[in-house]
Amino acid sequence: MEATLDLFKELKSFSEPELQKEILKHAKFIKANKGDILIKEGQYLNFLPIVIKGLLRVYQQNEDREILLYYVGPEQTCMMSLSSAYFDYYSTANGIAMEQSEILVLPAHLIAEWQLKYPSWNKFILRTFKSRYDELLNAFGNVAFKPINVRLKEYLTAYVKNESSNKIPVSHQTLANDLGTTRVVISRILKQFEKEKLVKLHRGYIQLIS
């Protein structure tokens with residue numbers, strides 16, 4: 001995307017003309033393909049990414065297990081990146097592009113400065129911390145209090161609702177990563193769901209029946 005005022009047709013949160021000028025002055029723009037790793041756990045972050053178009057997946061990894069933290073969509077940023085950049089320490093999570101994405105990248109040293117100068121930027125930062133905190137609290141509650149079969153069914157149901165399609169093109173490994181378990185566990189539960197006629201398993205996708 002060209003660095004012009006047209007950018008703010010996509011990033012509607014930043015309303016002050018002077019802030020828009022500063023963003024255009026300091027920002028860099030990158031394009032990421034599906035599967036590109038943009039942030040690695042342990043990486044020193046001196047920048048803040050803001051998604052213009054596309055979707056990022058933020059997760060933590062321990063050996064062969066992953067746990068999904070949240071997704072970052074258009075006009076959003078990553079709370080883990082924001083925390084690392086704001087407080088000058090290393091990233092505690094990984095970030096990967098789930099589809100072709102366009103991302104605005106800002107120098108970390110401007111974050112605090114702009115909070116004092118621009119109300120819309122301050123609101124954006126506070127809203128990011130609040131929304132991500134709520135998501136992480138909800139995710140923790142699900143892991144702590146809901147059985148994995150319940151969480152898997154809710155995941156599939158939410159996908160169907162959001163995409164308006166009962167065909168879910170997701171692998172067993174992806175489900176395991178997003179739900180913080182293993183592929184073996186997911187496969188076992190899906191086979192049980194199929195016996196109960198809740199889903200039908202196909203090569204490359206899962207069909208939700210009820």
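The values are calculated or read from the model by the stated rules, or taken from the named source; none is laboratory data. As the structure is a prediction and not an experimental result, all values here were calculated from the model. Here the Cβ is made from the backbone with ideal geometry for all residues, glycine too, and neighbour counts use every protein chain on show. What goes into the accessible areas is simple: the full protein's heavy atoms, side chains included, and nothing from ligands, DNA or RNA. Shrake-Rupley method; radii C 1.70, N 1.55, O 1.52, S 1.80 Å.
Quick notes on this structure:
- Using a probe of 1.4 Å, the accessible surface attributed to Glu196 totals some 100 Å² when neighbouring protein chains are kept in position.
- Principal-axis tilt of helix 17-26 within the chain, Cα atoms, nearest 10 degrees: 80
- As a rough guide to protection, the peptides 24-31, 13-20 ranked by mean Cβ packing within 10 Å, highest first, stand as 13-20, 24-31.
- Relative to the dominant Cα principal axis of the chain, helix 183-195 is inclined by about 50°.
- Computed with every protein chain present, the accessible area of Thr77 is close to 0 Å² [probe 1.4 Å].
- FRET efficiency, 1/(1 + (r/R0)^6) with R0 30 Å, evaluated for Tyr133 and Glu194 via beta carbons: 0.20
- The angle between the Cα long axis of helix 148-163 and the longest principal axis of the Cα atoms of the chain comes to about 60 degrees, rounded to the nearest 10.
- Cα-based Rg / Dmax (Å) for the chain: 19.1, 61
- Förster-model FRET efficiency, 41 Å R0, Gln61 and Lys25, C-beta, rounded to 0.05: 0.70
- Among the chymotrypsin sites (Phe, Trp or Tyr not before Pro) in the range 38-142, those located in a DSSP loop and surrounded by at most 14 other Cβ atoms within 10 Å of their own Cβ are Tyr89.
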